[in-house]
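Enquirer: Sharing a structure below in structure tokens format, with a few things to ask.
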Amino acid sequence: MNNWILYGLLFALFFAKAFFTLDPDFGWHLSSGEYILQHGIPSHDIYSYTASNFSWIHHEWLADTIGAMVYHLVGGFTVLAVLYALLWTVAIWLVARTTKARLLVLFVGVTMVPFSGVRAITWTIVFSAVMIAIYRAKDTRLRAVLPFLILLWANMHGSFVVGLAYIGWQLARDRTTASLGVFVMSVLASCVTPYGPGMYVEIVRTMFDTTLRSRIQEWRSFGVKVDIGIVVGVWAGLLIIAKGAWWRKFLRFESLLAIMMLSSVRHAPVFALFALATIVEQLQSLVIPIQTLRDRGAKKMVVALVMLSVVACVLFSYFALRYVSIDREQPYPQTIAGYLRQHPCEGNVFAEYNYGGYLIWKVPSQKLYIDGRMPSWRLGDKSYMDDYIRVLNDTDFQRQEFQRYDIRCAVVRPSLQIAKQLQESGWRIVSREEGNTIVLYER
């Protein structure tokens with residue numbers, strides 16, 4: 001397998017994931033980018049009626065603006081899917097371009113596919129790959145670019161703290177004045193945002209919100225699957241057989257990322273990328289010993305490993321793409337959105353958390369109770385996510401909130417307790433998705 005085939009396969013996998021799936025947050029990201037292009041960066045929430053006084057720190061404002069420009073000026077969702085698939089592919093190429101272990105690179109790439117798509121985490125992967133490449137370069141003068149990279153990253157996604165942590169890690173290793181200067185300038189550069197150092201408020205709020213691990217799927221703890229587990233095994237195995245004291249070999253940045261990954265599975269692709277860089281580095285030192293193995297048993301073992309790797313790549317590619325659909329909007333309330341555009345709700349709309357981003361995009365005239373931006377938002381003693389959970393499960397609180405906010409329409413699955421409560425209270429069904437998967441109730 002040559003490089004063209006390797007990266008062509010990776011691009012095809014990333015494109016399939018990006019084109020045939022729609023992230024729940026895509027709608028509000030696109031809408032916020034459109035808003036910024038027309039009105040500038042909002043200082044308060046503009047999409048909900050519950051948090052209109054909340055100071056929205058939009059740490060992805062630049063990424064959303066670029067996304068909206070590409071979507072409207074270049075070629076819609078298809079071009080976005082191509083762009084994001086290309087970004088994931090280039091990120092892996094930057095890290096693994098020097099290795100000939102292409103099948104292993106393909107496997108690591110396959111493990112990252114489930115986390116890919118037209119999603120904000122793409123920028124985390126891209127900037128991380130650029131940073132790895134800069135630190136691996138022989139010309140150390142390239143590190144002077146890092147503060148500018150952090151400046152851009154801080155305006156694209158809150159994960160820039162991963163980049164700062166990596167620069168800090170390198171400083172701890174090098175202990176040079178130049179590294180200290182890069183770190184200090186990078187920290188200062190991270191504050192050059194529309195919110196200044198206030199950008200860290202949103203990051204701290206999210207990092208220390210322990211409820212995310214139990215409520216949001218991609219934030220769950222100890223959610224690492226078999227494919228990422230294999231990457232961990234390969235990474236750890238190569239470090240174990242490398243020369244040096246074992247405890248020193250594991251004093252690496254990836255070890256920190258592995259702990260973060262156990263805390264929240266959303267960090268898995270970041271770990272995989274950094275682990276791939278180490279795997280490539282360790283394999284290069286093993287090339288000569290492997291070539292000296294000429295006996296028949298060793299050759300059979302190599303053939304078996306290659307066959308096993310091919311099977312693993314095919315199998316995990318299937319698992320990564322098994323939920324893709326020709327109609328990427330199929331999981332969302334398409335019919336209901338059309339109904340609400342033609343028959344606007346006379347009051348406010350309550351919608352399930354995962355439908356919020358889609359409805360912001362498709363029915364911009366209707367504000368919502370909650371959406372994907374708000375799981376960690378708090379204003380005083382009020383937690384917007386806690387209130388949402390109570391509405392779903394507490395009949396008295398649901399009635400209180402519906403009266404308080406004049407909620408007259410609800411977009412929910414009929415299997416939920418709240419749907420049964422609404423029907424018992426006389427709410428009528430005015431629209432539904434095919435198969436009765438999502439229902440619009442109206443009072």
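The values are calculated or read from the model by the stated rules, or taken from the named source; none is laboratory data. Note that the coordinates shown come from a computational prediction; the quantities given were computed from them, not determined experimentally. Reconstructed Cβ throughout: ideal geometry from the backbone, glycine too, with neighbour counts over all protein chains shown.
Enquirer: Out of curiosity, is LYS243 out of contact with any His (no Cβ under 9 Å at 6 or more places or on another chain), surrounded by 15 or more Cβ atoms within 10 Å (Cβ to Cβ) and of a type in the set (Lys, Arg)?
Expert: So LYS243 does not fit the description; no.
Enquirer: Still on this model: Just a yes or no: is a residue in region 256-264 within 30 Å of LEU104 (Cα to Cα), without any contact (Cβ under 8 Å) to a residue 12 or more places away in the chain, touching a His at 6+ places or on another chain (Cβ under 7 Å) and surrounded by 13 or more Cβ atoms within 10 Å (Cβ to Cβ)?
Expert: Residues of region 256-264 that are within 30 Å of LEU104 (Cα to Cα), as a first pass: 256-264.
In the following step, the residues that additionally are without any contact (Cβ under 8 Å) to a residue 12 or more places away in the chain were identified as 259-260.
Those left that are additionally touching a His at 6+ places or on another chain (Cβ under 7 Å): 260.
Narrowing further to those that are surrounded by 13 or more Cβ atoms within 10 Å (Cβ to Cβ): 260.
Checked against the condition, which is being within 30 Å of LEU104 (Cα to Cα), without any contact (Cβ under 8 Å) to a residue 12 or more places away in the chain, touching a His at 6+ places or on another chain (Cβ under 7 Å) and surrounded by 13 or more Cβ atoms within 10 Å (Cβ to Cβ), region 256-264 yields at least one hit.
Enquirer: Failed condition for VAL411, given (1) under 30 Å from HIS58 (Cα atoms); (2) in a helix (DSSP H, G or I); (3) not acidic (Asp, Glu), with all others met?
Expert: (2)
Enquirer: Residue by residue through region 89-106, note down the ones that are surrounded by fewer than 23 Cβ atoms within 10 Å (Cβ to Cβ) and under 19 Å from GLY233 (Cβ atoms).
Expert: The answer is THR99, ALA101, LEU103, LEU104.
Enquirer: Picking from LEU392, LEU422, LEU340, LEU440, which residue would you name as being closer than 24 Å to ARG220 by Cα and either touching a strand residue (DSSP E or B) at 6+ places or on another chain (Cβ under 8 Å) or not in a strand (DSSP E or B) (or both)?
Expert: After ruling out the rest, the residue left standing is LEU392.
Enquirer: Which ones in region 26-55 are buried (at least 22 other Cβ atoms within 10 Å of the Cβ) and among the polar types (S, T, N, Q)?
Expert: Correct list: SER32, SER48, THR50.
Enquirer: Can you pull out the helices (runs of 4 or more DSSP H) entirely within region 232-284 that have at least 1 residues that are within 19 Å of the chain's Cα centre (by Cα) and β-branched (Val, Ile, Thr)? I'd like the intermediate steps shown before the answer.
Expert: On the way: elements: 246-249, 253-263, 268-284.
Those helices (runs of 4 or more DSSP H) span 253-263, 268-284.
Here's the yes/no breakdown for (1) buried (at least 20 other Cβ atoms within 10 Å of the Cβ); (2) at pLDDT 95 or above; (3) over 28 Å from PHE54 (Cβ atoms):
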| site | (1), (2), (3) |
| --- | --- |
| ASP327 | no, no, yes |
| ILE360 | yes, yes, no |
| VAL363 | yes, yes, no |
| ILE370 | yes, yes, no |
| LEU379 | no, no, no |
